[in-house]
1. Quick one: what are the phi-derived ³J(HN,Hα) couplings along the stretch 287-295, Karplus 6.51/-1.76/1.60 with θ = phi - 60°, whole Hz, x for glycine and proline?
2. Which entries of Lys209/Lys261; Lys95/Lys209; Lys134/Lys289 have Cα-Cα distances beyond 28 Å here?
3. In a shell of Cβ-Cβ distance under 15 Å around Lys328, excluding Lys328 itself, what net charge do Lys and Arg (+1) and Asp and Glu (-1) give?
4. Just to be sure I understand: of the beta bridges DSSP finds with both ends in the stretch 27-265, what percent are antiparallel, rounded to 5?
5. Test of the criteria: in the stretch 204-263, which GluC sites (Glu not before Pro) are in a DSSP loop and have at most 11 other Cβ atoms within 10 angstrom of their Cβ?
6. Take the chain, connect every pair of alpha-carbon atoms lying under 10 Å apart with a spring to form a Gaussian network, then pick out the residue of Lys107, Lys119, Lys289 with the largest mean-square fluctuation.
7. Take the Cα gyration tensor of the stretch 56-96, multiply each eigenvalue by 5, square-root it, and list the three semi-axes largest first, rounded to whole angstrom.
8. Determine by what factor the alpha-carbon radius of gyration of the stretch 74-174 differs from 2.2 N^0.38 Å, reporting the quotient.
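Taken together, the values in this text are just the output of simple stated rules run on the coordinates, not laboratory data. If you're wondering where the values come from, they're calculated on a predicted model, not measured in any experiment. Cβ placement follows ideal geometry from the backbone for every residue including glycine, while neighbour counts extend to all protein chains displayed.
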Amino acid sequence: MLSNFKVPKNLIPTDPRFGSGPSLVPMEYVKKLYDTHHELLGTSHRKLPIRNLVKEVQEGFRKYFQIPSDYSVVLGNGGATFLFDAIALGIVQEKVTHFTCGEFSEKWFKASKLCPFIKAEQVKVEYGEGINGKDVADSDLICVTLNETSTGVQLSELPRVHEGALLAVDATSGAGQVPCDISKTDIFYFSPQKVFASDGGLWIAFLSKKARERALKIAEDKSRYVPVIMNWKQAIENSDKNQTYNTPAITTIFYLNEQLKQMNELGYQKIQEMAALKADYIYKWAEEKSYLSCYIKDKKFRSWAVATIDLDDQYSAKEIIKILEEQKVAYNIDGYRNLGRNQLRIALFHNITFDNIKRLTQIISMLIES
């Protein structure tokens, strides 16, 4: 019986958090936050201590992603899902086309479809397949997802769009380690609870000059009703002052800043290389074991941030996950609920070490083969 299996102590990972979100927040960041004593927590986000923190985050992103100087780094509250509606309401002029390949890219499309004064078109592939997107002549916004968290699919390239259109990229679970040239996007947005090792509730968007100008122009259109909280003018102008429109969770920004500082020491290129090594290892493991298989068949679409591994039906993923959780070896590696597959979904985020990925895979193999 699998339930009789005991994980060898020498193989237990140094941290059991392998979930695809929320992320692995290093405990050292929590200690550093405590050491700020009275300087941050309980301070107004209009005051210098918080504005300086936001400014440091904005500058950290500019350095890490080498963001063009005429792009805006905008922050707001509500998480990346909040932007599904904000983009439809305040960035699309007449028509948007969404390229979808999983649960979250479809949710973005569904949000656009509900907007009463725009047209929304969907181009989809079956779950488990990848799609890069392409230009659509009569659409003024093209939407793609950098890394589909539900299925473990990532883009292999960005589409080029015509001069009158903008390219929007939902980068939530891939931003920071999945390759992407920001200068080839107009809206690149994400939340920090994945690769950037923070809590949720915050969104970050990099806007090109064209995207900023369109957002500000639409915000002045009195014929459109846009809730104040979703008004891009409010978000942009407040971010220009190194603050958010309404009160943010300071801990989220603090953890994000600590992670950014650590990642900037290595640089974007090095972190991509580290992510690729972990991805290469885990997919080879799945291909070499007769009882495992990669859910994403096309190698060029396999994610460097979230690996989805199917199990042979004679082995229960739920039972394996339960054993690993009970023995405090691995948390939250179950497949995305709506896929309904006998599957493991293992995050490869930057703070999840290569050594711990190796330990986890060795334990799973020992458990099954025993």
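1. Once rounded to whole Hz, the list reads 6, 7, 9, 5, 9, 10, 7, 7, 5.
2. Lys134/Lys289
3. +2
4. Rounded to the nearest five, the antiparallel share is 40 percent.
5. Glu220
6. Largest GNM mean-square fluctuation: Lys289.
7. 24, 14, 7
8. Expressed relative to 2.2 N^0.38 Å, the Cα Rg reads 0.99.
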